[in-house]
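Worksheet for the structure shown next.
Readers should treat all values here as calculations from the given coordinates under stated rules, not as data from a laboratory. Keep in mind it's a predicted model, so treat the numbers as computed, not measured. Reconstructed Cβ throughout: ideal geometry from the backbone, glycine too, with neighbour counts over all protein chains shown.
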Amino acid sequence: MRPLWQIPRDCLFWLLVSVVISIGLHLEHLPPWIVLSGIVATLWQIQLYRERWRQPGRFIKWSLVGACAAGLVLHYGRISGLEPMVALLFAGYVLKLLEIHHKRDALVLLYLSYLIIILQSLFSSSIVSSLLVFCALLPVTAALVAMHADVESRRPASALRTALTMTLQAIPLMLVMFVVMPRMGSLWAVPQHSSGTTGVSDSMSPGDMTQLGRNGDVAFRVEFDGPIPEQRELYWRGLVFSGFDGRRWQQEGPWGYNDGQFLQWPDKPLEAWDKVVMRHGEPLTYRITLEATNSPWLFALSTPVSQSPTVALSRDFRLVNREPVTSKLQYSVNSWLDNQLEPDLLPGWRARLELAIPSGFNPKTIAVAQQWRQETPETEALINRLLALYHREFTYTLRPPALGKHTVDEFLWDTKKGFCEFYASSFVFFMRAAGVPARVVVGYQGGERHPTENYLLVHQYDAHAWAEVWIEGRGWLRVDPTAAVAPERIEMSFADLFNEQDDFLAASPFSLERLRHIDWLNRLRLKLDSLDYAWAKWVLGYDNRQNDFLMNLLGAVNPQRIALFIVLAGGIALLPVFIMLYLSREKNTWDQLDRLFLQFCSRLEKIGLPRKPGEGPRDYAQRIRLQAPSLAEQVDSLTRRYERARYAEQQEAEFKQFKAALSKFKPGRKDRLTRP
Amino acid sequence: MSKQSQEITAAIIERVESVLVGKQDSVRLALACLYAGGHLLIEDLPGMGKTTLAQALAAAIGLSYTRVQFTSDLLPADIIGVSVYDRNKAAFDFHPGPLFNQLVLADEINRTTPKTQSALLEAMAEGQISVEGETRQLPHPFYVIATQNPLSQSGTFPLPESQLDRFLMRLRLGYPDPEAERQLLSGADPRLKLAELKRGITPAQLEAIQAAVNQVKVSGSLVDYLQRLLQFTRSSADIEYGISPRGGIAVLKSARAWALMAGRDYVIPEDIQAIFAPVCAHRLPVSGGEHGADNFIQQALNSVDII
């Protein structure tokens with residue numbers, strides 16, 4: 001098939017670069033076969049232009065469409081969700097490359113490239129990926145410039161230069177729009193990642209957290225108003241697990257609490273809740289910037305209160321966001337570390353909830369627990385006895401042996417090797433068996449202090465599980481059995497502790513974390529992190545502060561003021577562009593004589609007889625003679641003088657006379673003939 | 001000189017006008033073309049007075065004149081001349097063809113083959129002819145007035161752009177205005193007057209005028225204006241390529257002749273505007289037919305400011 005229209009060769013270069021870059025940006029979350037077909041389509045275009053291959057025929061194209069559709073269905077098994085949608089868009093995008101028959105096809109491809117590149121920000125909004133997106137827009141703009149330019153200026157280098165200039169010119173306007181543009185909120189729901197949640201999950205079974213131990217990603221960053229508390233105080237509560245089925249711990253959730261609402265929103269406080277908690281002393285104030293987790297629960301120190309309107313406090317005194325956190329979220333929290341939670345007697349149904357153990361599991365533990373209870377009736381002593389056992393006989397390792405049906409029995413009396421969740425799980429089970437209400441809490445522990453900036457970095461490998469035990473009169477107490485086994489796990493940061501273990505960070509082979517023993521690399525990593533944090537705080541977090549900022553700036557936020565601000569600030573932002581245009585315009589070479597002649601013209605223009613563009617002086621005078629006969633003589637003589645001065649090169653002789661005559665030339669409206 | 005040339009011009013125009021009624025503008029342009037030393041292409045329908053104009057001009061200027069009717073079987077030798085063997089002298093004797101005249105009227109130039117067209121065009125460009133290894137000078141002045149018929153193009157060989165470029169101007173005569181036509185219809189056949197037409201200028205005067213044309217002043221700002229006009233034709237999206245520098249020189253030369261005919265020794269923008277269309281229209285490849293170029297030129301003249 002002969003092409004109806006071919007992209008000019010010079011344009012093709014940036015077009016293909018755009019396609020390759022668009023695919024490259026999304027490499028992480030695209031199935032390999034789409035990447036492959038992208039490469040094939042790109043090569044096909046190249047071969048087409050080397051005139052080696054022909055345009056793909058109808059049969060090939062239809063089979064490709066079929067193959068892509070089948071691939072999508074087989075790969076994802078569904079069509080909803082962000083990633084299948086992106087993959088679908090990509091499939092169309094890649095196939096379009098094989099079907100460029102008109103200029104408009106190439107344009108569609110370029111416009112799609114913009115969309116696809118911007119889509120990247122749904123997956124990541126870190127400073128690096130924002131910069132990448134910004135750079136990726138350049139070749140697309142260059143291709144678009146080349147498509148519309150003439151032969152001279154569509155050479156790759158020249159088109160890129162134009163694109164760069166245009167992009168730079170757009171930056172001031174972009175900033176103004178960023179500051180002012182109202183944020184739309186969730187006008188449409190962004191489909192979620194199909195890769196599921198990152199970070200801690202909503203249930204816990206043996207071995208879950210080893211995955212997190214290998215992950216060096218940042219979970220969240222915390223900025224304290226005062227000094228950062230001691231490492232051992234930093235228990236970031238995320239989830240409370242009260243239900244246990246013998247293997248898996250999970251939340252009881254709202255349905256476990258059937259005596260009222262489970263969540264309390266800041267705008268609708270429920271009095272009853274504040275009665276069960278006693279807070280002492282001054283609160284600790286801090287702001288958390290949470291990375292996307294795709295789940296709604298938030299992390300905070302014990303007993304938190306947040307004023308953010310989308311953050312609710314749950315019945316088990318942790319924070320829950322209104323929607324799953326799909327992009328960075330900033331919230332500020334007040335926490336009272338010195339507190340008593342539910343010190344009064346638990347209602348019967350609550351006690352049953354926190355004491356429940358599944359039947360048919362771990363018979364040995366149940367027997368031992370009941371025996372110990374008789375020997376040691378005091379709850380605190382019982383806890384200490386169990387912790388002493390851990391301390392004496394147990395080993396902390398990230399590679400525990402596998403467990404069978406009776407997970408707690410096998411762990412407590414047989415393998416005696418494991419990490420936090422093993423300890424938390426067995427401890428809570430033991431306590432419940434001994435008749436002490438207890439529950440598992442999952443979240444993060446500790447964090448890495450940034451050496452130069454005043455904030456704390458909490459990584460995925462800081463994920464931790466511990467226990468809370470209820471004692472009458474004292475309420476819920478935090479007990480961390482892991483601390484009994486490996487106190488350094490709590491005192492030191494996790495990364496320092498496990499630096500030498502091979503397994504640590506096995507999931508992030510290219511992470512800078514792996515190289516933290518190299519000093520300058522470690523400093524570089526922390527520097528990058530502080531940049532990223534500042535980016536998140538000031539740029540991504542601006543959405544939350546926009547209203548306050550605009551209020552300070554404009555006095556009041558109303559459409560008129562915003563419009564006025566956009567016009568003014570936009571004008572100022574574009575001023576450099578105007579100045580550049582003004583400076584680079586074609587210079588007028590008007591000399592004094594020309595300026596005087598223009599004065600002469602403008603005087604006539606004032607009485608409604610403007611000179612038309614391209615009208616010579618003589619023709620103009622001729623027209624004036626018809627339209628304003630009373631001026632004819634003066635105009636004629638002025639025109640003659642101008643002509644002689646200008647075109648007969650008798651400037652010296654005529655210039656003064658022209659000037660003198662012009663000063664006497666004062667046409668008025670009465671000179672002009674009114675139409676009969 | 002300029003006053004004198006103005007008078008001479010008026011006399012010539014009056015004489016030509018007595019034959020070709022009501023075509024003063026075309027006559028002036030044709031005369032300007034001859035003053036500027038350029039060749040003229042007249043393109044119009046049959047019966048519009050193309051040949052009459054050429055004959056009247058020749059007579060009024062008093063140049064030696066031939067008319068060649070171009071046909072498809074015309075050969076270069078037919079217009080250049082041939083060497084004939086003279087038995088008495090026992091040598092070849094060159095018999096000059098119709099080109100060896102001061103003014104050649106090439107009628108229906110697009111009817112002949114490219115070969116013959118090129119022979120004519122070489123003569124137009126060089127002012128000389130190479131025959132049988134010998135270069136022969138053509139008389140001075142040497143003018144070609146060619147005519148062509150834009151309609152019934154079957155069996156014709158349209159002149160390519162490069163050859164159209166050799167003509168300084170292209171004129172279209174058009175229908176006469178009603179009054180002129182009435183005069184034409186009621187009077188005697190104006191062609192009868194052709195025989196009586198007397199020359200209005202001596203060869204020496206013509207030479208002097210041609211020398212004077214080159215003396216007409218062109219100021220810097222006028223050159224700027226012309227340059228802007230040319231630039232406009234080159235940067236427009238409607239036109240594939242604009243007026244060449246040679247075209248620009250042709251404009252300036254014609255504008256000088258036009259100024260001289262108006263009795264001035266300097267060129268003003270109106271001179272350029274007057275001759276811009278005849279000089280440039282046939283040099284512009286415009287899509288949209290014959291009127292495309294004229295419309296475009298009008299647009300250029302209207303949009304480019306003179307200062």
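Across the stretch A:216-341, C-alpha contacts under 8 Å between residues 6 or more apart give a mean separation that, scaled by the residue count, equals a relative contact order of 31 percent.
Compared with the alpha-carbon gap, the fully stretched path from A:Leu27 to A:Trp62 is longer by 10.1 nm at 0.36 nm per residue. Computed packing ranks the peptides B:222-232, B:240-250 as B:222-232, B:240-250, most packed first, by mean other Cβ atoms within 10 Å. Figure legend: label point modelled 7 angstrom from the Cα of A:Val179 along Cα→Cβ; residues of the stretch A:555-596 with amide N under 20 Å from it are A:555-579. Across the stretch A:589-671, counting alpha-carbon atoms alone, Rg and Dmax equal 11.9, 35 Å. Distance between the C-alpha centres of the stretch B:244-307 and the stretch A:90-108: 46 Å, rounded to the whole angstrom. To the nearest ten degrees, helix A:82-96 and the longest principal axis of the Cα atoms of chain A are 40 degrees apart. Radius of gyration (Cα atoms) of the stretch B:96-253, expressed as a multiple of 2.2 N^0.38 Å: 1.31. Size of the stretch A:216-341: Rg and Dmax of its alpha carbons, in Å, are 14.7, 43.
How much of the DSSP beta bridge set in chain B is antiparallel, as a percent to the nearest 5? The answer is about 40 percent antiparallel.
Sparse packing (at most 14 other Cβ atoms within 10 Å of the Cβ) combined with a DSSP loop state is found for the following trypsin sites (Lys or Arg not before Pro) in the stretch B:82-133: B:Arg87, B:Lys89.
For chain B, the extents of the C-alpha atoms along the principal axes are 70, 44, 39 Å, listed from largest to smallest. Please return the longest stretch of chain A lacking exposed loop sites, where trypsin sites (Lys or Arg not before Pro) count only if DSSP places them in a loop and at most 14 other Cβ atoms lie within 10 Å. Of all site-free stretches, the longest is A:184-321. Backbone N atoms of the stretch A:309-334 closer than 19 Å to the 7 Å Cα→Cβ label point of A:Thr285 belong to residues A:309-311, A:330-334.
Peptide B:214-220 has a mean of 3 when you count, residue by residue, the C-beta atoms of other protein chains within 10 Å of its C-beta.
Of the chymotrypsin sites (Phe, Trp or Tyr not before Pro) found in the stretch A:21-66, not one falls in a DSSP loop while having at most 12 other beta-carbon atoms within 10 Å. The Cβ shell under 14 Å around B:Ile249 holds other residues with a net charge of +4, Lys and Arg each +1, Asp and Glu each -1.
Per-residue packing, averaged as other Cβ atoms within 10 Å, sorts the ranges A:168-178, B:46-56, B:209-219 into the order B:46-56, B:209-219, A:168-178, beginning with the highest.
Taking each of A:Lys612/A:Lys666; A:Lys612/A:Lys664; A:Lys61/A:Lys103; B:Lys115/B:Lys193; B:Lys50/B:Lys193 in turn, the alpha-carbon distance tops 28 angstrom for B:Lys115/B:Lys193. Other protein chain C-beta atoms within 10 Å of residue C-beta, averaged over B:270-279: 2. Among the chymotrypsin sites (Phe, Trp or Tyr not before Pro) within the stretch A:433-472, not one is in coil by DSSP while having at most 12 neighbouring Cβ atoms inside 10 Å. Quick one: net charge around B:Val84, please, counting Lys, Arg +1 and Asp, Glu -1 for every other residue with C-beta under 14 Å from its C-beta. Summing Lys and Arg as +1 and Asp and Glu as -1 gives -2. Report note on the peptides A:569-578, B:21-30: ranked by the mean count of other C-beta atoms within 10 Å, highest first, their order is B:21-30, A:569-578.
Here the stretch A:329-396 and the stretch A:472-489 have alpha carbon centers that stand 9 Å from each other. Dividing the alpha-carbon radius of gyration of the protein assembly as shown by the rule-of-thumb value 2.2 N^0.38 Å gives 1.57.
Pull up the DSSP beta bridges for the protein assembly as shown and report the antiparallel fraction as a percent, rounded to 5. Once the DSSP bridges in the protein assembly as shown are tallied, antiparallel ones form about 75 percent. Ordering B:Thr233, A:Tyr93, A:Val479 by the projection of their Cα atoms onto the charge dipole of the protein assembly as shown, which places +1 on the Cβ of Lys and Arg and -1 on the Cβ of Asp and Glu, puts B:Thr233 at the extreme positive end. Fully extending the segment from A:Ser129 to A:Lys268, taken as 0.36 nm per residue of separation minus the present Cα-Cα distance, adds 46.2 nm.
Counting, for every residue in A:642-652, the Cβ atoms of other protein chains within 10 Å of its Cβ and taking the mean gives 5.
In degrees from 0 to 90, rounded to the nearest 10, what is the angle of the helix B:203-215 Cα long axis to the longest principal axis of chain B? Approximately 40 degrees, to the nearest 10.
Fully extending the segment from A:Trp538 to A:Val35 would add 177.6 nm, taking 0.36 nm per residue of separation and subtracting the current Cα-Cα distance.
Place a label point 7 angstrom from the Cα of A:Trp590 along the Cα-to-Cβ direction, then list the residues of the stretch A:599-622 whose backbone nitrogen is under 20 Å away. So the set is A:599-621. Cα centroid separation, the stretch A:117-144 to the stretch A:608-635: 59 Å. Taking every alpha-carbon pair under 8 Å whose residues sit at least 6 apart, chain B reaches a relative contact order of 24 percent. Rounded to the nearest 10 degrees, the angle from helix A:651-663 to the longest Cα principal axis of chain A is 80 degrees. Scattering from the stretch B:169-217 was approximated by placing one identical point on each alpha carbon and applying the Debye formula without solvent; log10 I(q)/I(0) at 0.14, 0.27, 0.28 1/Å stands at -0.70, -0.98, -1.00.
With the helix formula -39500 (n - 2.57) applied to DSSP H stretches of n ≥ 4, chain A reaches a computed 222 nm mean residue ellipticity of -15500 deg cm²/dmol.
Based on C-alpha pairs under 8 angstrom that are at least 6 apart in sequence, chain A has a relative contact order of 12 percent.
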